[in-house]
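What follows is one structure encoded as structure tokens, with my remarks underneath.
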Amino acid sequence: MAYTRVYREGVLAERDFPVERVSDYLQDPSATVWLDFCEPTEADLAAISEELGLHALAVEDAVHEHQRPKLDRYETHAFLTAYSAHFDPESGAVTRSELAAFITPRALVTVRKDDGFDIEAVAARWDSSADLAKSGISFLLHGLLDYVVDGHFESVQALDEQIEALEDLVFDERPDQRELQRRSFRLRKSLTTLRRVVLPMREVVNALMRRDQHLVDDVMMPYFQDVYDHVLRASEWTESLRDLVATVRETQLNLQGNRLNLIMKKVTSWAAIIAVPTAVTGFYGQNVPYPGFQTMSGFWVSTVVIVLLSVALYASFKRRDWL
């Protein structure tokens, strides 16, 4: 299914018209056209690419998946690739959807690689700020990027909350080490996925705002500055979360090592205390005569020695915080 819109003089004139009529609307100098495709083939884009003079390399990139976020400039148009992102708190995974866009002076063609990209949410943003529609392509491009960047920001915020919850679990009295490791590695993987789509957007938005590109007019420039500010905040936040995840993992390993040292210290101390009665009873258990041999006095002497030495060792270890 293809979505279509045409704006005339900043007013939405018609929507959801057949793709074949795009060329008719472009004959009007006051018209701005938006056309959206979902999972098209090169054959599907052939007609519109000829009409708009789209470069063959750009059309190829629009069809093939796993392009990096970028902005390429051709003679008659610009080509944009970006990703929307969504973080699922239940699974701890980041899902992303790829979008390509052809940007011409009077037409914006978006190509979604799957139906995970909510293009209707983008259209709702355009409708909510219809007073800016006179800016034409700048207006459409802003709504598209604003949706993408806001999704990045929300995903980073949700990921931050998950990492804070992980920090609390690390300091539990009886933490589940397997669950901690599983969640830690899952969040690290999600953060890596998110960084790959967030960080390149700084370069993309900055390139769009350059005066020599002639893609953003003076009216929309402050709005693009706001989007760029959100991009920078999301990027810096992502970098800080990367260090935080590493710190959480290191803290977990250190606490685990400290707990192991404490256990070993206690086991060693108790082993030393148990060695005292073992040594004393071993001495008095010899099959040779000695002072107190086979007498009650020998029994009581050995018992007193065991108790005194054991208590002395326990008090000494307790004072040194070994028990």
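Which members of the range 39-62 meet the condition of being open to solvent by less than 40 Å² (accessible area, probe 1.4 Å) and farther than 26 Å from His214 by Cα? Of everything in the range 39-62, just one residue is open to solvent by less than 40 Å² (accessible area, probe 1.4 Å) and farther than 26 Å from His214 by Cα, namely Pro40. For first residues located in the range 122-139 and among the β-branched types (Val, Ile, Thr), partners that are open to solvent by 50 Å² or more (accessible area, probe 1.4 Å) and lie 6+ apart or on another chain with Cβ distances below 7 Å form the pairs Ile137/Pro105; Ile137/Arg106. Of all the criteria given as (1) open to solvent by 40 Å² or more (accessible area, probe 1.4 Å); (2) touching a residue at least 60 places away in the same chain (Cβ under 8 Å); (3) touching a helix residue (DSSP H, G or I) at 6+ places or on another chain (Cβ under 9 Å), the one not satisfied by Ser155 is (1).
I'd like the full set of residues that are within 29 Å of Val198 (Cα to Cα) and open to solvent by 70 Å² or more (accessible area, probe 1.4 Å), limited to the range 24-38. Matches in the range 24-38: none.
Any residue that is open to solvent by less than 50 Å² (accessible area, probe 1.4 Å), touching a residue at least 40 places away in the same chain (Cβ under 8 Å) and closer than 25 Å to Gln67 by Cα - is there at least one of those in the range 158-172?
Let us first name the residues in the range 158-172 that are open to solvent by less than 50 Å² (accessible area, probe 1.4 Å), namely 158-160, 162-163, 165-166, 170.
Next cut, touching a residue at least 40 places away in the same chain (Cβ under 8 Å) only: 158-160, 162-163, 166, 170.
Within this subset, residues satisfying the condition of being closer than 25 Å to Gln67 by Cα are 159.
The answer is yes; a qualifying residue exists.
The residue that is nearest to the chain's Cα centre (by Cα), counting only those in the range 96-127 that are more than 24 Å from Arg195 (Cβ to Cβ) and in a loop (DSSP other than H, G, I, E, B), is Asp115. Within the range 69-95, the set of residues being surrounded by fewer than 20 Cβ atoms within 10 Å (Cβ to Cβ) and part of a strand (DSSP E or B) comprises Lys70, Asp72, Arg73, His86, Asp88, Ala93, Thr95. Put simply, of Asp229, Asp172, Asp168, Asp243 the only residue that is out of contact with any Cys (no Cβ under 7 Å at 6 or more places or on another chain), among the acidic types (Asp, Glu) and at pLDDT 90 or above is Asp229.
Suppose the filter is open to solvent by less than 50 Å² (accessible area, probe 1.4 Å), in a helix (DSSP H, G or I) and of a type in the set (Phe, Trp, Tyr); does Tyr7 pass it? In short, no. Looking only at residues in the range 206-234 that are within 16 Å of Gly143 (Cα to Cα) and within 20 Å of the chain's Cα centre (by Cα), which one is surrounded by the most Cβ atoms within 10 Å (Cβ to Cβ)? My answer is Val231.
Do you know which of the residues in the range 10-23 that are open to solvent by less than 40 Å² (accessible area, probe 1.4 Å) and part of a helix (DSSP H, G or I) is farthest from Leu141 (Cα to Cα)?
Filtering the range 10-23 for residues open to solvent by less than 40 Å² (accessible area, probe 1.4 Å) gives 10, 17, 22-23.
Pick out the ones that are also part of a helix (DSSP H, G or I) and you get 22-23.
On the way: Val22: 18, Ser23: 20 Å.
Step by step, filter the range 10-23, then rank; the result is Ser23.
Among the residues of the range 140-147, is any over 21 Å from the mean Cα position of the chain (by Cα) and under 30 Å from Val248 (Cα atoms)? No, the range 140-147 has no match at all. Applying the set (1) exposed (fewer than 12 other Cβ atoms within 10 Å of the Cβ); (2) under 30 Å from Phe87 (Cβ atoms); (3) modelled with pLDDT of 80 or more to Ala271 leaves exactly one unmet item: (2).
The values are calculated or read from the model by the stated rules, or taken from the named source; none is laboratory data. Predicted model only: the values in this text are computed from it and were never measured. As a convention, Cβ positions derive from the backbone with ideal geometry for all residues, glycine included, and neighbour counts pool all protein chains shown. All accessible areas refer to the heavy atoms of the entire protein, side chains included, with ligands and DNA or RNA removed. Shrake-Rupley method; radii C 1.70, N 1.55, O 1.52, S 1.80 Å.
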